[in-house]
Amino acid sequence: MSSSSSSSDTLRFSLDGYGDSVLGKMNSLRQERRFCDVTLVLGGGGGGGGGGGGPAGALGHPGPPTPPPLRFHGHRVVLAASSDFLRDKFLLHEGRAELCVQVGVVSSVEVGRRLLLSCYTGLLEVRVHV
């Protein structure tokens, strides 16, 4: 904690690490599903059913199974403050408790999960394919 005085009648304190501490506590609350006001659904395929798309599925051969959708429980205010994309999505669908997020802009549901977690941690780790 540091303090400074810019005038004789004002005392100002700065709490070092306060923002990181609050964000960490918000993430803990998210993990416990406390005060979460939105669920983001990533993946799961758009058409329902289990067969994969693409040419194999079109020929009647089962493609790779579609992984189940990821349900990410979070706090609108944290996610909107971290992502203009999510802020706009929340504004367009105000009041909805569950929103689908297309995974097409990222390479996988797992990458999408890591992006969402980074809103709470400030850390983004993604495997690089060489």
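Using heavy-atom solvent-accessible surface (probe 1.4 Å) with all chains present, what is the largest-first order of Cys119, Cys100? Before the final figure, lay out the partial values.
On the way: Cys119 20, Cys100 80 Å².
The most accessible residue leads, giving Cys100, Cys119.
How large is the Rg to Rh ratio of region 66-130 when both quantities use alpha carbon positions and Rh follows Kirkwood? The partial results should precede the final answer.
Details: Rg = 12.4 Å, Rh = 12.9 Å.
Dividing the radius of gyration by the Kirkwood radius yields 0.96.
From most to least packed by mean Cβ count within 10 Å, the peptides 86-93, 18-25, 111-118 give 111-118, 86-93, 18-25.
Model label sites at Glu94 and Leu123, defined 7 Å from Cα along the beta-carbon direction, differ in position by 3.7 nm. Peptides 76-82, 28-34 ranked from most to least packed give 76-82, 28-34, packing being the mean of other C-beta atoms within 10 angstrom over each peptide's residues.
The values are calculated or read from the model by the stated rules, or taken from the named source; none is laboratory data. Since the model is a prediction, treat every value here as computed from it, not as a measurement. No Cβ is skipped: glycine too gets one built from the backbone with ideal geometry, and neighbour counts run over all protein chains shown. Ligands, DNA and RNA are stripped out before the accessible areas are found, and what is left, the full protein with its side chains, is counted by its heavy atoms. Shrake-Rupley method; radii C 1.70, N 1.55, O 1.52, S 1.80 Å.
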